Amino acid sequence: MWSALADPNRRAILHLLLEGPRPVGELSEACDLSQPSTSKHLRVLREAGLVRVIPDAQRRLYALEPAPMAELDAWLAPYRRLWNSSLDALGRHLDAVDAEQHDGGPAQRRRSDEQKGTGKP
């Protein structure tokens, strides 16, 4: 599955399929790829279990297969918690720095003193 997701064109195809099933021609046009190239990408995605084919009269529609994505999401969950806690800590730090600058904290006072020419560090 990872190798199938590594290609940006395949990720773009998956993103388009979030909106619903589409024929290869629509996917080709939206991704600015040739139809044979899009078909090759769809084959890789199909073999990875990420998309399925829905026969529709004379054409084939491609649809997102949600189960592998759910498995990937479950696998990523512990890492997401780690990232979120780190990003939350960064957000708190940036909020504190911003508040300090707007409330006349040390950084703001230092800039104000430099602008007045007092030269205080």
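So the values come out like this:
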quantity	calculated
Breaking point among (1) closer than 13 Å to Leu14 by Cβ; (2) surrounded by 14 or more Cβ atoms within 10 Å (Cβ to Cβ); (3) in contact with a strand residue (DSSP E or B) (Cβ under 7 Å, 6 or more places away or on another chain), for Met69	(3)
Scope region 28-58; condition surrounded by 13 or more Cβ atoms within 10 Å (Cβ to Cβ), over 25 Å from Glu71 (Cα atoms) and aliphatic (A, V, I, L, M); matching residues	Ala30, Leu33
In region 41-71, the residues that are within 19 Å of the chain's Cα centre (by Cα) and of a type in the set (A, V, I, L, M, F, W, C)	Leu45, Leu50, Val51, Leu64, Ala67, Met69, Ala70
Pairs with Cβ under 7 Å, 6+ apart, first in region 80-103 and modelled with pLDDT of 80 or more, second of a type in the set (A, V, I, L, M, F, W, C)	Glu100/Ala107; Gln101/Ala107
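The values are calculated or read from the model by the stated rules, or taken from the named source; none is laboratory data. All values reported here derive from a predicted model rather than from experimental measurement. Reconstructed Cβ throughout: ideal geometry from the backbone, glycine too, with neighbour counts over all protein chains shown.
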